[in-house]
Amino acid sequence: MKKVKVIREKTGKEIGRMEAIGQNGNTGLHYDKLDSAISFITEKYPETTKMFQDMQFEQWELFCKKQKDYGPKNISVGSNLETDEEVKLALTGLWFRMNDKMQRFQQIVMNNQEPENESLMDTFMDLANYAIIAQLVKEKAWGK
């Protein structure tokens with residue numbers, strides 16, 4: 001199978017189909033269609049593509065720094081996410097965290113309040129990372 005370059009500007013690494021679309025049993029896109037879509041978007045929207053990849057890399061760096069500081073137990077509430085109840089508790093905690101970020105988003109954008117401690121871009125990054133973490137929790141892959 002041919003490899004697709006993703007986040008190539010920062011890492012130079014290539015990833016395969018299963019890494020690009022996930023390994024949760026969902027067949028997702030066929031590999032040739034994925035490669036075609038990536039090529040199409042990369043050629044048609046090069047600035048968007050580069051910035052998207054750079055932002056994802058920045059999110060990955062932020063994620064790693066926070067995980068180094070906090071570890072996975074802050075999300076899993078000390079559990080190993082082995083039961084549906086443990087997953088639900090962790091997802092509920094993530095909902096609270098995401099809701100806090102959405103409230104900040106509302107204050108900044110809709111209520112025209114200038115942030116003092118966290119920028120709108122910081123809020124976006126946190127929301128994006130929490131959404132990915134929620135998917136890992138749902139799949140019981142968090143902290144493993």
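The values are calculated or read from the model by the stated rules, or taken from the named source; none is laboratory data. Given the structure is predicted, the values throughout are model-derived calculations rather than measurements. All Cβ positions, even for glycine, are placed from backbone atoms using ideal geometry, and neighbour counts span all protein chains on display.
Only one of (1) assigned by TED's automatic domain parsing to the domain that holds residue 131; (2) of a type outside the set (A, V, I, L, M, F, W, C); (3) surrounded by 15 or more Cβ atoms within 10 Å (Cβ to Cβ) fails for residue 59. Which number is that? Every condition holds for residue 59 apart from (1).
Scanning the stretch 59-82 for residues that are hydrophobic (A, V, I, L, M, F, W, C) and under 11 Å from residue 93 (Cβ atoms) turns up 75, 77. Residue 81 meets each of the listed conditions (1) in contact (Cβ under 8 Å) with a residue 24 or more places away in the chain; (2) aliphatic (A, V, I, L, M); (3) assigned to a helix (DSSP H, G or I) apart from (3).
Take residue 14 and decide whether it is of a type outside the set (Val, Ile, Thr) and either assigned by TED's automatic domain parsing to the domain that holds residue 142 or modelled with pLDDT of 90 or more (or both). Give the steps one after another, and end with the answer.
Working: of a type outside the set (Val, Ile, Thr): yes; either assigned by TED's automatic domain parsing to the domain that holds residue 142 or modelled with pLDDT of 90 or more (or both): no.
When the stated conditions are applied, residue 14 does not pass them.
Please pick out the residue among 126, 69 that is among the acidic types (Asp, Glu) and either part of a loop (DSSP other than H, G, I, E, B) or closer than 25 Å to residue 51 by Cα (or both). None of the other options fit; the residue is 126. Can you confirm whether the stretch 97-120 contains a residue that is touching a residue at least 40 places away in the same chain (Cβ under 8 Å) and more than 15 Å from the chain's Cα centre (by Cα)? No; the residues of the stretch 97-120 include none that is touching a residue at least 40 places away in the same chain (Cβ under 8 Å) and more than 15 Å from the chain's Cα centre (by Cα). Within the stretch 112-126, how many residues turn out to be at pLDDT 95 or above, in contact with a Lys or Arg (Cβ under 7 Å, 6 or more places away or on another chain) and surrounded by fewer than 18 Cβ atoms within 10 Å (Cβ to Cβ)? Summing the residues that are at pLDDT 95 or above, in contact with a Lys or Arg (Cβ under 7 Å, 6 or more places away or on another chain) and surrounded by fewer than 18 Cβ atoms within 10 Å (Cβ to Cβ) in the stretch 112-126 gives 0. For the stretch 94-110, indicate whether the set of residues that are out of contact with any His (no Cβ under 7 Å at 6 or more places or on another chain), under 27 Å from residue 37 (Cα atoms) and surrounded by 14 or more Cβ atoms within 10 Å (Cβ to Cβ) is non-empty. So far as the stretch 94-110 goes, no, none of its residues is out of contact with any His (no Cβ under 7 Å at 6 or more places or on another chain), under 27 Å from residue 37 (Cα atoms) and surrounded by 14 or more Cβ atoms within 10 Å (Cβ to Cβ).
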